[in-house]
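Notes follow once the structure below has been shown.
The values are calculated or read from the model by the stated rules, or taken from the named source; none is laboratory data. All values reported here derive from a predicted model rather than from experimental measurement. Here Cβ is always computed from backbone atoms with ideal geometry, including for glycine, and neighbour counts include all displayed protein chains.
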Amino acid sequence: MVPVLANSFKMLKKDKYILMLSLIPSAIGIVLYYFVGTYFFTDFYNWCLGFITPYFEDIKLVAGILKFFFGILFFFIAGWTFFLVVSLVASPFNDLISSRVEYQVAEIKPADEPFSFGKVFGVIKNEIKKILFIFLVTIIGLILGLFFPPISFLVSAILMAVTFLDYSWSRHNFTVAQCIDDLKSSFVTYLISGIIFMFAISIPVLNVFFLPIGVIHFTTLFSKKREL
């Protein structure tokens with residue numbers, strides 16, 4: 001598994017096409033959050049400042065405290081939502097990355113299909129369903145974790161693996177039963193990999209750079225197993 005992870009970094013660095021597909025969603029996310037942050041620290045900040053200043057005498061102190069509070073709030077909001085937003089934007093690109101990796105690892109040539117917005121929207125729709133499903137199962141895992149904490153941790157790790165494996169599963173039209181069988185047959189490998197990426201993706205901002213690495217890593221694991 002460690003060699004696979006190391007090769008994932010090498011493949012991202014070596015393959016310019018994969019690198020380009022990885023950078024586009026991050027660039028879109030950064031531009032999006034730049035405009036959101038600009039609005040947050042100008043218009044919305046000024047509105048809040050104008051709303052509360054009539055109740056205080058020292059306006060400079062209130063403005064400084066409010067700006068500090070806004071900075072902390074935006075850091076946590078951006079850190080928590082940035083990855084989800086970029087994941088959604090990146091879903092069509094990640095599908096292309098996964099397909100290219102599979103071709104390099106298992107020499108399975110991607111289907112020669114013409115570009116269509118229907119396919120792109122289909123991938124995004126699937127990503128939205130996946131995010132909602134992961135969010136629901138995460139809540140269930142947290143509830144179970146109140147009684148037995150390790151359950152929450154293991155559920156989160158498996159969900160992280162499913163997040164990346166779903167690109168390969170969807171491309172091969174796996175049924176739910178086949179997805180479960182694939183998880184069962186490589187449970188330990190997927191679990192350990194899920195734990196690694198769960199910690200990597202918990203790092204704000206840097207997590208978007210681990211997203212394509214995760215796609216490459218899990219696609220490689222999936223493809224190599226199908227070769228056996």
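Some values worked out for this structure:
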{"read-out": "Filter result for Leu96 (under 17 Å from Asn207 (Cα atoms), assigned to a helix (DSSP H, G or I) and within 17 Å of the chain's Cα centre (by Cα))", "value": "no"}
{"read-out": "Residue count, segment 21-77 (criterion: touching a Cys at 6+ places or on another chain (Cβ under 9 Å) and either of a type in the set (Ser, Thr, Tyr) or closer than 30 Å to Ser99 by Cα (or both))", "value": "0"}
{"read-out": "Out of Lys184, Lys119, Lys130, Lys109, sole residue that is of a type in the set (Lys, Arg) and modelled with pLDDT of 85 or more", "value": "Lys184"}
{"read-out": "Residues of segment 24-51 classified as farther than 30 Å from Ser87 by Cα and surrounded by fewer than 13 Cβ atoms within 10 Å (Cβ to Cβ), total", "value": "4"}
{"read-out": "Test for Leu12: is it at pLDDT below 80 and within 20 Å of the chain's Cα centre (by Cα)", "value": "no"}
{"read-out": "Helices (runs of 4 or more DSSP H) wholly inside segment 169-228 containing at least 3 residues that are in contact (Cβ under 8 Å) with a residue 12 or more places away in the chain and more than 23 Å from Leu84 (Cα to Cα)", "value": "176-185, 207-227"}
{"read-out": "Where a residue in segment 38-61 is touching a residue at least 40 places away in the same chain (Cβ under 8 Å) and its partner, wherever it lies, is surrounded by 10 or more Cβ atoms within 10 Å (Cβ to Cβ), with Cβ under 9 Å and at least six apart", "value": "none"}
{"read-out": "Test: residue in segment 85-92 that is closer than 24 Å to Leu206 by Cβ, modelled with pLDDT of 70 or more and among the polar types (S, T, N, Q)", "value": "yes"}
